Every structure is written in structure tokens, then in C-alpha cells.
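Heads up, the thing below is written out as C-alpha cells.
The values are calculated or read from the model by the stated rules, or taken from the named source; none is laboratory data. Quantities reported herein were computed from a predicted structural model and do not represent experimental measurements. Methodologically, a virtual Cβ is constructed for each residue, glycine included, from the backbone with ideal geometry; neighbour enumeration extends over all protein chains shown. Just the protein is used for accessible areas: all its heavy atoms, side chains included, with ligands, DNA and RNA removed. Shrake-Rupley method; radii C 1.70, N 1.55, O 1.52, S 1.80 Å.
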Amino acid sequence: MARPSWDDYFLNIAEVVRTRSTCLRRKVGALLVRDRRILTTGYNGPPPGITHCSELDGCLREQMKIPSGERAELCRAIHAEANAILQAALHGVAISGAVLYCTNAPCSGCAKLLIGAGVRLMIVMEGYPDELAAQLLSDAGVIVEWRPRNEAGTPIRKDLSEM
């Protein structure tokens, strides 16, 4: 097996981080990295001390038939990217200039947090249906690089202009 590139290495770790997610709808893992060192990680789930949807009657958003990418405030979970930022704040870790590695592109709320925190490069595996997020990232000059994977989890190498 070939040694993975740094990007693949960090995306592989993001995939492991997402296994901690308690979300019933979409499991997401995120890392903030600077100088090839992991600063923080995050996965989507409720704040500490709050009951997980799996321990309740299921996902409120599913019950209300809310499409993905809409009405994020009607969710018990904190998004993975926000949790990575919160971990930095809790432990006094500066993240300005960090790279976000994430299993999914951010929503508009997380995009605003990441822009405000000084993240200028994101490397993501999958999209997220939030046009405002894409516009905010573009307006802020944040570079988003796509690294999709096939069903076997192997990176798919494409010209990024095709994404």
C-alpha cells in the first residue's frame, strides 16, 4: 500500500473522527491542521450533557421532513466544524491560518465561523446543499478543494474544475 499524501492522511483521520458522531442523519468529521499538525478535531453531536437523538424518539428533522441544508437550528447537534472551533477555544489553541479537513463541505453557519476564525483553505470530501455557504466562502476568498472518494473509500483524482 502506498504512503498517503498529507491531504489523504488528514482526510482519513477525519473519516475516523466522524465515527464518533451520534447524528442519525449525517455523520461528519473535521480537523483543523496547521503546519501538518492536528490542532483540534470535531464531530457532529449534541453539547455535553444533552441527550442524543438516538436516545430519544429519533431525529426531529427527519420527523418534520426538513430537507438537508435547511433549518439547521432545529437540530440538537453542534456541527463538526463548530465543535473543532469550540475545542480550540476551550483549550486555548490558536487556529487562524489553519486548514480545515472535513468529510463534508460546511453549512453557512459553520462557513461564517470558519471565515471569522481565519481558516482560508478547506479540503473536503463531499458537498453540502447550502448555496449561501458556497457564496460566503467565495466572497471571503476561502479556497475549497474537493477530494471525493469512491465506494471503497479510495480518493478519486479529478480536475478540480470538474467539481
Cα gyration tensor shape for the range 18-74, rounded if a/c is under 1.5, else prolate or oblate: prolate
Just to confirm the number: angle between the C-alpha axis of helix 6-17 and the first principal axis of the chain, 0 to 90 degrees, nearest 10? 20 degrees
Positive-end residue, the chain charge dipole about Cα centroid, Cβ charges, pick of Pro4, Tyr128, Ile115: Pro4
Honestly the chain on the Cα gyration tensor test (a ≥ b ≥ c root eigenvalues; a/c under 1.5 rounded, otherwise a/b vs b/c for prolate or oblate) is just rounded
The range 74-88 - phi-based ³J(HN,Hα) in whole Hz, Karplus 6.51/-1.76/1.60, Gly and Pro as x: 8, 8, 6, 8, 9, 5, 4, 5, 5, 5, 5, 5, 4, 4, 4
Compute the relative contact order of the chain as a whole-number percentage, counting only Cα pairs closer than 8 Å that sit 6 or more residues apart in sequence. 20 percent
Each residue of the range 124-134 in turn: what ³J(HN,Hα) in whole Hz from Karplus with 6.51, -1.76, 1.60 and θ = phi - 60°, glycine and Pro shown as x? 10, 9, 10, x, 8, x, 9, 5, 4, 4, 4
Sorted on mean Cβ neighbours within 10 Å (highest first), peptides 12-20, 95-103 come out as 95-103, 12-20
Accessible area (Å², 1.4 Å probe, nearest 10) - Thr22: 40 Å²
Given the DSSP H assignment, sum -39500 (n - 2.57) over each helix run of at least 4 residues in the chain and divide by its residue total; what's the result at 222 nm in deg cm²/dmol, nearest 500? -8500 deg cm²/dmol
